[in-house]
1. Which residue pairs have Cβ atoms under 8 Å apart, sit 6 or more places apart or on different chains, and have a first residue in the range 77-102 that is under 14 Å from ARG53 (Cα atoms) and a second that is among the aromatic types (Phe, Trp, Tyr)?
2. Hey, any hits in the range 187-196 for a residue that's within 21 Å of LEU29 (Cα to Cα) and part of a loop (DSSP other than H, G, I, E, B)?
3. All but one of (1) under 16 Å from the mean Cα position of the chain (by Cα); (2) more than 17 Å from ALA41 (Cα to Cα); (3) touching a residue at least 60 places away in the same chain (Cβ under 8 Å) hold for GLN118; which doesn't?
4. Quick one: how many residues across the range 79-93 are in a helix (DSSP H, G or I) and buried (at least 19 other Cβ atoms within 10 Å of the Cβ)?
5. Output yes when any residue across the range 100-123 is polar (S, T, N, Q), in contact with a helix residue (DSSP H, G or I) (Cβ under 7 Å, 6 or more places away or on another chain) and either surrounded by 14 or more Cβ atoms within 10 Å (Cβ to Cβ) or not in a loop (DSSP other than H, G, I, E, B) (or both), and no when none is.
6. Among the numbered conditions (1) out of contact with any helix residue (DSSP H, G or I) (no Cβ under 8 Å at 6 or more places or on another chain); (2) more than 29 Å from ARG125 (Cβ to Cβ); (3) modelled with pLDDT under 90; (4) surrounded by fewer than 19 Cβ atoms within 10 Å (Cβ to Cβ), tell me where GLN225 comes up short.
7. For the range 161-172, give me each residue that is more than 24 Å from ARG125 (Cα to Cα) and either loosely packed, with under 13 Cβ neighbours inside 10 Å or in contact with a helix residue (DSSP H, G or I) (Cβ under 6 Å, 6 or more places away or on another chain) (or both).
8. Condition (residue is within 18 Å of the chain's Cα centre (by Cα), free of Cβ contacts under 8 Å to residues at least 12 places away in the same chain and not in a loop (DSSP other than H, G, I, E, B)) applied to the range 159-172: is it met by at least one residue?
Amino acid sequence: MNEQVNFGNVSQDYARYRDELPARLADWLETHGALKTGARAVDLGAGTGSFSRLLAGRGAAVTGIEPSTEMVGEARRVADASDSSVVYVQAPAEATELPAGLFDLVTAARAWHWFDRQQAVLEVRRLLKPGGFLAVVDSVILATESEAVRATFELIRRQMPDGKLKAPGSMAESPERRNGFPLRWYDEWAESGFREKDSGQFDYELHFTPDAWRGKVRSISWFSQLNTDSRQQVDQEMAGLFRSVTELTIPHRCSFVLLQKEERPSALL
């Protein structure tokens, strides 16, 4: 995990304001047979449990894996309040210590770019049953299509030590993409014994009150990297920027890829 990003700094805002990914992702997983009632699933980099709860809502037995103490605490608090059946374990995605060969599905929603990918994919292979699935999902805010987003990101950029906003984690490694993911990732998955079943993108919009938008922004990785004074400065400036606004429509793009574990000689597992 990228050591410069501490989501524990923003865990309460993450739990309260981080938007849920569209339910159509669960439909997509069900269509491909990767998600069904009784399926055993592991959600890596679970954060405060939004995607874990989506999977559990479709009848899966879900274990959420999250390295941050604060994030796990918030996930468990939300689970208790919502009567969710998800079990949360504090552990890195690369070394979950869960039983081998027990799971039907492993997911990483808005998280794969923070992992040590070489170690994470080995851990995923270890966790999955033969023929099990790995689903990697990401979602980005489309700044080019929203003046409100451009103005918000400019406030954050001014507070960044180098004055730049970079793609999060290893997303910054390569500008060459397919369906939102770096091309190299597809090679890595194939080399590690995963066959691509489906991938794609879709756009969607979310509506925020100004306060909810400020909360959403406080949950993102760029914001979590700022020191306390800078975070407060950006938040205050956002409050002024959107003081006269009733609702903000924020465009997003979701990227997804579904991969299936192929059998390999035992020496390579």
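The values are calculated or read from the model by the stated rules, or taken from the named source; none is laboratory data. Source: prediction; values computed, not measured. We place every Cβ from the backbone using ideal geometry, glycine too, and count neighbours over all the protein chains shown.
1. ALA79/TYR88
2. First, pick out the residues of the range 187-196 that are within 21 Å of LEU29 (Cα to Cα): 189-190, 193-196.
Filter again for part of a loop (DSSP other than H, G, I, E, B), leaving 193.
Within the range 187-196, one or more residues are within 21 Å of LEU29 (Cα to Cα) and part of a loop (DSSP other than H, G, I, E, B).
3. (1)
4. In the first step, residues of the range 79-93 are kept if they are in a helix (DSSP H, G or I); the result is 79-82.
This time we only want the ones that are buried (at least 19 other Cβ atoms within 10 Å of the Cβ), so: 79.
So the count comes out to 1.
5. From the range 100-123, those polar (S, T, N, Q) are 107, 118-119; that's our starting set.
Right, trim to in contact with a helix residue (DSSP H, G or I) (Cβ under 7 Å, 6 or more places away or on another chain) and you get 107.
Then keep just the ones that are either surrounded by 14 or more Cβ atoms within 10 Å (Cβ to Cβ) or not in a loop (DSSP other than H, G, I, E, B) (or both); that gives 107.
Checked against the condition, which is being polar (S, T, N, Q), in contact with a helix residue (DSSP H, G or I) (Cβ under 7 Å, 6 or more places away or on another chain) and either surrounded by 14 or more Cβ atoms within 10 Å (Cβ to Cβ) or not in a loop (DSSP other than H, G, I, E, B) (or both), the range 100-123 yields at least one hit.
6. (4)
7. Quick first cut of the range 161-172, residues more than 24 Å from ARG125 (Cα to Cα) only: 161-168, 172.
Result: PRO161, ASP162, GLY163, LYS164, LEU165, LYS166, PRO168, ALA172.
8. yes
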